[in-house]
Amino acid sequence: MTLLARDRSGTVSRTRRPTDVEPVGSPRSTSDGRTVNHTRNEPRGLPSQLVRFAVIGVVSTLAWAGLYTLLRGAGLGSVAANGLALIVTAVGNTAANRRLTFGVTGRDGLARDHGAGLLAFGLAIGLTTATATILDRVAPGASRFVELAVLSLANVGATAGRFVLLRAWVGRASPLRLT
């Protein structure tokens, strides 16, 4: 689409003019020193964040389920297999969400952001460990399919809490201040 624009002499010229100007090639830096890479093609509003978070969550859940199944097949109990599978997938999940969901790159704030991931991990492991323990007591002979289904439901609740925590902590442009 060509925009019509009048120059100072009153003549009409046919030129394309950008509706807004953005710096090219230099990501924004936040008040806490982190680099945030947002472009017009990669919005980081809530709908975009939810979609990215969901995709990363599906991949992480599939990795967790595969690892859980392998560990159970190797003889680990459900609680130990769940814990180990969550530990392995939590670090990659936090790194992916930091970069892809919230657009944060660089080393500044990395430890703080993974601290938020660790807190979210604590929520997830607490909820799923309690679920696995209750399942072992209520239905000690449950099939692997039932175990995976019940733990996956617990993970849905943990995931909602994880998104809220990561969005509040990692997605912020300025550091959290505890007062």
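Laboratory data are not the source of any read-out in this text; all were calculated from the coordinates shown. All values derive from a computational prediction rather than experimental measurement. Note: ideal-geometry Cβ built from the backbone for every residue, glycine included; neighbour counts use all protein chains shown.
Per-structure values
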read-out	value
Whole-Hz ³J(HN,Hα) from phi, Karplus 6.51 cos²θ - 1.76 cosθ + 1.60, for the stretch 75-85, glycine and proline x	x, 6, x, 5, 5, 5, 5, 4, x, 5, 5
The stretch 46-169: proportion of alpha-carbon pairs further apart than 19 angstrom, %	45
Percent of Cα-Cα distances greater than 19 Å, calculated over the stretch 92-143	45
Computed lengthening from ALA168 to THR105, 0.36 nm per intervening residue step minus Cα-Cα distance	21.0 nm
Calculated FRET efficiency for the pair LEU70/LEU46, C-beta based, R₀ 30 Å, to 0.05	0.25
The stretch 87-150: trypsin sites (Lys or Arg not before Pro) in DSSP loop, at most 12 other beta carbons within 10 Å	ARG107
